[in-house]
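Read through the structure below, which is laid out as structure tokens, and then see the notes.
The values are calculated or read from the model by the stated rules, or taken from the named source; none is laboratory data. Every value quoted in this text rests on a predicted model; they were computed, and no experiment measured them. No Cβ is skipped: glycine too gets one built from the backbone with ideal geometry, and neighbour counts run over all protein chains shown.
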């Protein structure tokens, strides 16, 4: 009887074991998956992509690299604008659309499309010749043209991606210039291809924001919102940073309102822009402050919502280093209202992380890690994210990959 039981028990246990393996495999298959779509290799290819990506209507990806390209004026190349196109077999091919050089070098910023498929961006690489530029879509390729040169009083050191309004005007920020600590500007197209710059706001030292590095965003009423990396509350040496709103007035001027001054404990040094949910609440990150596990703080994710005629700030996640450090890239929402982003360092490999914040009851948010970069071939130092219609996330890493000079990656949540 025992022998019969033993013989019967073996296939029973084997069945259980196989079932466990199947379930475990299913769990792993259903979990987040990171895939490197492309590893940059340096000149004549790109290297060190510091900015986020954008899609075109066909699903191709576009961005810039800080080095690489075909111009040998700069050691390691002066940088590129690139397109990544998906092949039928699932691989991706990189095409250098433009190699920067004498007309600009070392782009830190990303690109934006107009309705005709032309690309626009800014470059602060050449000292004394900071520019906004157009890469016009032509039958023979992309044609480069500087559409504005910054000279100081009208701003200099543009560090943020440009955005369009519905009329085809461009908006952006500069870290310096104006009254020395940065501006918000508008570029308006004129007849004959010229563009006219108007300063919407010049930041001031005393109690105001200082050094806006992030893109601005519009609300439905035409107001602009953004962040400054410093200024505001001087609990931090240079000020802990601010969130601001610019409202157009009847006389063509714009009025600034500071929605929040960071204190350090609730974050400091925001360098990324804001996004809004369908209720008009604002979300963003501060790259420092918060938990003192890191010095000067590991950074936070925050929410700002209208309350009592003002805005109330709530920290919805405080990084601790092990779960990420230095969140500095653009975040995105999925269709279910979940929030996704990156932290540039921290995590188990200290190469940065991709994270998810799921909205729960009573304003609570659940934080989870989708990917922890290993400081190796999967990339290191991730920047901001974009999301496709299927909910897959795309971004770039400044370093790592096959050649150690950056990647473009996809994370399937």
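In the range 132-141, the qualifying residues are those that are at pLDDT 95 or above and under 10 Å from residue 119 (Cβ atoms), and the one that is surrounded by the fewest Cβ atoms within 10 Å (Cβ to Cβ) is 136.
Select, from 152, 117, 101, the only residue that is surrounded by fewer than 17 Cβ atoms within 10 Å (Cβ to Cβ) and farther than 19 Å from residue 189 by Cβ.
Testing whether each residue is surrounded by fewer than 17 Cβ atoms within 10 Å (Cβ to Cβ) and farther than 19 Å from residue 189 by Cβ leaves just 152.
If residue 196 meets every condition in (1) assigned to a strand (DSSP E or B); (2) at pLDDT below 95; (3) exposed (fewer than 14 other Cβ atoms within 10 Å of the Cβ) apart from one, which number is that one? Residue 196 satisfies every listed condition except (2).
Just so you know, in the range 339-358 the residues that are more than 17 Å from the chain's Cα centre (by Cα) and on the phi < 0 side of the Ramachandran plot include one that is modelled with the highest pLDDT, and it is 358. Report yes if residue 203 is modelled with pLDDT of 95 or more and either under 21 Å from residue 344 (Cα atoms) or surrounded by fewer than 24 Cβ atoms within 10 Å (Cβ to Cβ) (or both), otherwise no. Judged against the criteria, residue 203 is not a match.
Across the range 359-413, the qualifying residues are those that are part of a strand (DSSP E or B) and at pLDDT below 95, and the one among them that is surrounded by the fewest Cβ atoms within 10 Å (Cβ to Cβ) is 376.
Each row is one residue, and each column tells you yes or no for (1) closer than 21 Å to residue 208 by Cα; (2) in a loop (DSSP other than H, G, I, E, B); (3) at pLDDT below 95.
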site	(1), (2), (3)
244	yes, no, no
278	no, yes, yes
293	no, yes, yes
315	no, no, no
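Taken over the range 221-231, residues that are in contact (Cβ under 8 Å) with a residue 12 or more places away in the chain, in a loop (DSSP other than H, G, I, E, B) and surrounded by fewer than 24 Cβ atoms within 10 Å (Cβ to Cβ) amount to 2. Could you list, in sequence order, all residues of the range 254-270 that are in contact (Cβ under 8 Å) with a residue 12 or more places away in the chain and surrounded by fewer than 16 Cβ atoms within 10 Å (Cβ to Cβ)? Scanning the range 254-270 gives a single hit, 257. Just one of the numbered conditions (1) in a strand (DSSP E or B); (2) under 22 Å from residue 218 (Cα atoms) is not true of residue 137; which one? The single condition residue 137 does not satisfy is (2).
Hey, any hits in the range 295-302 for a residue that's over 21 Å from the mean Cα position of the chain (by Cα) and within 30 Å of residue 413 (Cβ to Cβ)? Among the residues of the range 295-302, not one is over 21 Å from the mean Cα position of the chain (by Cα) and within 30 Å of residue 413 (Cβ to Cβ), which makes the answer no. Selection over the range 53-72 of residues that are in a strand (DSSP E or B) and either over 19 Å from residue 163 (Cα atoms) or more than 17 Å from the chain's Cα centre (by Cα) (or both) gives a count of 3. Return a yes/no flag: does the range 63-71 have any residue that is crowded, with 18+ Cβ neighbours inside 10 Å, farther than 26 Å from residue 189 by Cβ and at pLDDT below 95. Yes, the range 63-71 has at least one match. The residue of the range 155-193 that is modelled with the lowest pLDDT, among those that are touching a strand residue (DSSP E or B) at 6+ places or on another chain (Cβ under 8 Å), surrounded by fewer than 17 Cβ atoms within 10 Å (Cβ to Cβ) and in a loop (DSSP other than H, G, I, E, B), is 179.
Checking each residue in the range 324-349 for being surrounded by fewer than 20 Cβ atoms within 10 Å (Cβ to Cβ), in contact with a strand residue (DSSP E or B) (Cβ under 8 Å, 6 or more places away or on another chain) and assigned to a loop (DSSP other than H, G, I, E, B) picks out 334, 337, 338, 348, 349.
With respect to (1) crowded, with 23+ Cβ neighbours inside 10 Å; (2) assigned to a strand (DSSP E or B); (3) in contact (Cβ under 8 Å) with a residue 60 or more places away in the chain, the lone exception for residue 273 is condition (2). Of the residues making up the range 241-251, just one is in contact (Cβ under 8 Å) with a residue 40 or more places away in the chain and surrounded by fewer than 23 Cβ atoms within 10 Å (Cβ to Cβ), namely 246. Within the range 351-366, residues that are free of Cβ contacts under 8 Å to residues at least 12 places away in the same chain sit with their Cβ atoms under 8 Å from residues that are part of a strand (DSSP E or B), at 6+ positions apart or across chains, in these pairs: 360/366; 366/357; 366/358.
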